[in-house]
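To start, the structure itself, in structure tokens.
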Amino acid sequence: MNEKPPAVRGNASRVDAFLAEMTAVRQLKPAPSLGRLIFALDATASREPTWRWASRLQAQMFEVAAEAGGLAIQLCYYRGFDGFETLPWHTTAQALRTEMERIGCVSGYTQVDRVLRHALAEHRRERVNALVFIGDAWEEDEEPLFALAGQLGLQGVRVFMFQEGDDPGVETVFRGIARLSGGAYARFDAGSPDRLARLLRAVAVYAAGGIRSMQALAGRGDAAIPELTRQLRQP
């Protein structure tokens with residue numbers, strides 16, 4: 001009598017078990033991680049025009065970062081006298097823009113320290129590749145800001161400080177925060193949305209793919225990149 005069928009059934013069962021095991025392993029394997037960028041803005045009353053710029057320019061950040069591995073952005077902002085808010089992480093430009101268009105700027109005090117503390121806390125939950133801050137003023141004691149920047153630097157979170165205007169006191173503090181974190185400083189003015197766009201694209205590419213990706217972007221003619229990468233090489 002032929003005993004082959006039971007053996008075949010046994011082999012099929014083992015194959016089925018093997019395939020089920022491999023499926024489970026694939027499901028457990030983490031998906032490729034996106035770069036994570038915290039996008040922080042001063043949303044006090046004087047910032048309304050720049051806020052509107054930023055809500056449009058963030059789409060370019062997603063677009064250029066896609067070539068370097070992709071990007072997730074979390075918006076955080078302060079306004080009023082004690083208002084500090086964070087939005088969920090977004091991986092599409094339209095979703096983030098919709099959120100930003102609902103937000104208005106309100107007179108109040110600067111809260112740069114809360115931005116830096118938030119970045120530290122978020123990084124402890126899951127790695128943050130970079131923090132970019134856009135503002136034109138600071139009103140806190142500078143020493144705690146520098147201490148927080150140093151902690152971010154030790155954690156590997158570079159801070160990019162982009163100053164609107166040319167106040168020398170603001171520049172000193174913003175440069176100090178950037179330097180102590182291992183990041184970079186740049187400034188723009190109300191008449192240069194194109195420059196802000198180039199700066200934001202550079203940071204997005206850094207968050208998605210690191211310094212080499214930034215340098216590749218420079219090779220495509222982006223003049224803002226060398227200004228930032230020269231600073232990133234410094235301790």
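Every number in this text was worked out from the coordinates using simple rules, so none of it is lab data. Source: prediction; values computed, not measured. Neighbour counts run over all protein chains shown; Cβ positions are idealised from the backbone, glycine included.
Data overview
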read-out: Sites L154 and T91 - FRET efficiency at Förster radius 22 Å, r taken between beta-carbons, to 0.05; value: 0.20
read-out: Furthest towards positive pole of dipole, T86, S107, A190, structure part the stretch 83-224, Cβ charges; value: T86
read-out: Relative contact order of the stretch 131-235, pairs being alpha-carbon contacts under 8 Å that are 6 or more residues apart, as %; value: 24 percent
read-out: Trypsin sites (Lys or Arg not before Pro) restricted to DSSP loop in the stretch 125-202 with at most 14 other C-beta within 10 Å; value: R127
read-out: Mean Cβ count within 10 Å, highest first, over the residues of peptides 104-115, 207-218; value: 207-218, 104-115
read-out: Estimated dipole of the stretch 35-232 in Debye, rounded to 20 [Cβ of Lys and Arg +1, of Asp and Glu -1, Cα centre]; value: 820 debye
read-out: Cα-based Rg and Dmax for the stretch 35-232, where Dmax is the largest Cα-Cα distance (Å); value: 15.0, 44
